[in-house]
Amino acid sequence: MARSRSSRLLCLVLSLLLLLGMAVALPGATASAAQGVTSLEFAEHGLTAWRDGWVYVYGGKGEQYDGTRASDCAGLLYAFFTDHGIYSCYGGASSQVRHNTIWHGSLEELPRIHGLSVTMVDPYDYQYPYGHVGIYVGNGMVTDNSTYGTNMIYDSVYSRGWSEWHLFDCGLLFPVSGWYEFDGNMYHYTDYQYDVNTTVDGYTIGADGIAYNADGTALTYSDALQNEGYVNAATVRDYLKSQGIGYEVGAGYGGGSSDGGSNGGGSGDSHTNAQVTGSGVNVRSQPTTQSSTLTNLSYGTQILVTGQAEGESVTSGGQTSTLWYEIVLPSNGATGYISSLFVEITGELDMPDTPTITFEDGYVVMTANSEEETIYYTTDGTTPTEDSTPYTGSIYMVGLTYKAVTVLDGQSSAVATASVMNNGTIFVDFTTDHWYFEDVNRAVSYEIFGGRGDGTFDPEAQITRGDFVKALANLDGVDLSAYDGSTPFSDVDASAYYAPAIQWAYSMGYINGMDGSSFQPGASITREAMCQILANYGSLQPLGSSGAFSDDSSIASWAKDAVYACRDYGIVGGMGGNSFEPKSTATRAQACVILSNYCETF
């Protein structure tokens, strides 16, 4: 429903007041009135997640999970903001501190403010030193989604290694002075902090900050209790700064500098981490050879690599790569792209690692190197960016090609590509853009074919006679453990992976040798030989429902009935111009078509 002109005007006025750091209070505002999300709501979010039993899932950002929700530690905070339509909250604990908070300090001077974030230090990571994050909910307590098997914790902020508090921004509004409701109880704030161990307006306030009536019952909400509204984080920061509480983000950031660390990666860095390995190598404005040339570099030039990008395929020296490096030239700070084929990495790369894509328990799972890194992915063949779909948890969709990158502080990793078959098998050497994707998907899902064992399927390689018979045994579902690989063929080693299948097929009368003593298992199989084996296997005879191929005379006499039987049953087709090309060989992808057609026909 569209808002009225007056309401839009009111929101505009309130937004301007917030930008000016002024307190926001509507006329007659009560203890719960606020325009926008507040630190009190932020803290209540943490309590609600604890009471609802959110489950810890690495990379989770609040997605639904088995009747509750799931997140990791930083995802718990992230979920609050996205629940309220705010998408500027970065992913990991250190990234949230760098980008979302504007003031922090040690627990020795913890302000009495609901909805601060608190962190633990990772002593092994200088660049991204915050290993865990939670939400301060007042009265010395914190909630956090801890780890697998532990999940949400509600515990003292002085336990388990919490070390710093942080004033979150991201549009949060904070109480000023007066009465405010939190978690069903009333609290009184004075100068941005809730009061303790005092009396206000005749009500006793305990050490926990909760106001109590004379009879000892907790004070409940009342319209008569007023407050001065809410202010933005910058106003609270300025007040805390004036009181000597806390310090700038970065001033104590893991021992780093005021910009949050100094391991390189910015244009102002003077160190290098790579060198050029070619002569006259062009530095491009984009990761393509068609983009403008910024400069060219000689062999051995020292450069700083600050990022990676998936770009145009480049071939040099017999190698091909689509990986380009984003670089900074130490001489003038210019940035551009060089194909990775012309770069040797000599130092540490200040960029995220490529994510891994796996299939676990019926779901596609993407994993980054750390919680600091956010994963983005696509399924339409395009290269993922920060504008693509963020990975927030396990994905149930299969029969797709996923492309994914991790992003950390604006830097993107190389692209991970994974084609997930219907049965969860993953291949990295073809995508949905290839004509044979669905055919390989069918054959693999029917368990007729498997991969090469290294994540590849090798779909365009020629299929051998041994592999075709092995695939036929898979289609049949025969238990090959009953066969020891002994055959009458002198060129079939009994220890070869295909030997039991050849023994089975020969014993069943499905195959014969090439010349009585050899089978030539490593030779590419012809199209007419595939038809003969399938016709023998299925006892197929021509139906007479189709005419002759234009190259009928080229089909061996021993294979003609088999070829036409396979054509009549829709197992094979022609090669164009009504030809069959009987002596041509087939690729593994083409064999997938033929064997899947057989499987679906019979």
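The values are calculated or read from the model by the stated rules, or taken from the named source; none is laboratory data. In this text, all values refer to a predicted model and were calculated from it rather than measured experimentally. Cβ: placed from backbone, ideal geometry, glycine included. Neighbour counts: every protein chain shown. Heavy atoms of the whole protein, side chains included, go into the accessibility calculation; ligands, DNA and RNA do not. Shrake-Rupley method; radii C 1.70, N 1.55, O 1.52, S 1.80 Å.
Look at (1) in a loop (DSSP other than H, G, I, E, B); (2) modelled with pLDDT under 95; (3) touching a Gly at 6+ places or on another chain (Cβ under 9 Å) and you find that D238 fails only one, number (1). In segment 71-96, the residue that is least open to solvent (accessible area, probe 1.4 Å) out of those that are of a type in the set (F, W, Y) and modelled with pLDDT under 90 is Y90. Consider segment 283-309 and keep the residues that are part of a strand (DSSP E or B) and open to solvent by 60 Å² or more (accessible area, probe 1.4 Å). The one that is nearest to V343 (Cα to Cα) is Q302.
Just to be sure I understand, how many residues within segment 168-186 are part of a loop (DSSP other than H, G, I, E, B), more than 30 Å from H99 (Cβ to Cβ) and at pLDDT 95 or above? Before you say what the answer is, go through the steps one by one.
Filtering segment 168-186 down to residues part of a loop (DSSP other than H, G, I, E, B) leaves 169-172, 176-177, 183-184.
Imposing the further condition that a residue be more than 30 Å from H99 (Cβ to Cβ) reduces the set to 184.
Those still in the list that are at pLDDT 95 or above too: none.
So the answer is 0.
Can you find, within segment 112-153, the residue that is modelled with the lowest pLDDT among those that are part of a loop (DSSP other than H, G, I, E, B) and open to solvent by less than 10 Å² (accessible area, probe 1.4 Å)?
Going residue by residue through segment 112-153, those that are part of a loop (DSSP other than H, G, I, E, B) are 112-116, 122-129, 139-140, 146-151.
Keeping just the survivors that are open to solvent by less than 10 Å² (accessible area, probe 1.4 Å) gives 113-116, 129.
Numbers: I113: 97, H114: 97, G115: 97, L116: 96, P129: 69.
Of everything passing the filter in segment 112-153, P129 is modelled with the lowest pLDDT.
The set of residues in segment 53-65 that are open to solvent by 50 Å² or more (accessible area, probe 1.4 Å) and modelled with pLDDT of 90 or more comprises Q64, Y65.
Quick one: in segment 154-169, of everything that is of a type in the set (F, W, Y) and open to solvent by 40 Å² or more (accessible area, probe 1.4 Å), which residue is farthest from G134 (Cα to Cα)? Per the stated criteria, the residue is Y158.
Residues D515, D491: which one is among the charged types (D, E, K, R), assigned to a loop (DSSP other than H, G, I, E, B) and open to solvent by 60 Å² or more (accessible area, probe 1.4 Å)? Step through it out loud before you land on a result.
Values: D491 fails: open to solvent by 60 Å² or more (accessible area, probe 1.4 Å).
Matching residue, one of D515, D491: D515.
Pairing residues of segment 365-378 that are at pLDDT below 85 with residues that are open to solvent by less than 20 Å² (accessible area, probe 1.4 Å) and polar (S, T, N, Q), at Cβ distances under 8 Å and at least 6 apart in sequence or on separate chains, gives N369/T406; E372/S94; E372/S95.
Restricting segment 206-249 to residues that are over 25 Å from H104 (Cβ atoms) and either small (G, A, S) or in contact with a helix residue (DSSP H, G or I) (Cβ under 7 Å, 6 or more places away or on another chain) (or both) leaves a set whose member that is least open to solvent (accessible area, probe 1.4 Å) is A211.
Being open to solvent by less than 50 Å² (accessible area, probe 1.4 Å) and within 16 Å of S596 (Cβ to Cβ) is the filter here, so list the residues in segment 475-488 that pass it. Passing the criteria: only L475.
Out of the residues in segment 445-473 that are without any contact (Cβ under 8 Å) to a residue 24 or more places away in the chain and farther than 28 Å from A309 by Cβ, state the one that is surrounded by the fewest Cβ atoms within 10 Å (Cβ to Cβ). Filtering first and then ranking leaves G453.
Of the residues V428, V440, only one is crowded, with 21+ Cβ neighbours inside 10 Å and more than 15 Å from the chain's Cα centre (by Cα); which? Can you show your working first?
Details: V428 fails: crowded, with 21+ Cβ neighbours inside 10 Å.
The unique qualifying residue is V440.
Screening the candidates Q520, Q503 for the property of being touching a residue at least 24 places away in the same chain (Cβ under 8 Å) and touching a Phe, Trp or Tyr at 6+ places or on another chain (Cβ under 9 Å) yields one hit, Q520. Within segment 208-221, residues that are under 18 Å from H114 (Cα atoms) sit with their Cβ atoms under 7 Å from residues that are hydrophobic (A, V, I, L, M, F, W, C) and surrounded by fewer than 20 Cβ atoms within 10 Å (Cβ to Cβ), at 6+ positions apart or across chains, in these pairs: G209/V196; I210/A218. Of the residues in segment 97-106, at least one is part of a strand (DSSP E or B) and among the small types (G, A, S).
So that you can scan it fast, the table gives a plain yes or no per residue for (1) outside any loop (DSSP other than H, G, I, E, B); (2) out of contact with any Cys (no Cβ under 9 Å at 6 or more places or on another chain); (3) under 11 Å from E528 (Cα atoms); (4) open to solvent by 30 Å² or more (accessible area, probe 1.4 Å):
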{"site": "S550", "(1), (2), (3), (4)": "no, yes, no, yes"}
{"site": "S557", "(1), (2), (3), (4)": "no, yes, yes, yes"}
{"site": "A565", "(1), (2), (3), (4)": "yes, no, no, no"}
{"site": "G574", "(1), (2), (3), (4)": "no, yes, no, yes"}
{"site": "E581", "(1), (2), (3), (4)": "no, yes, yes, yes"}
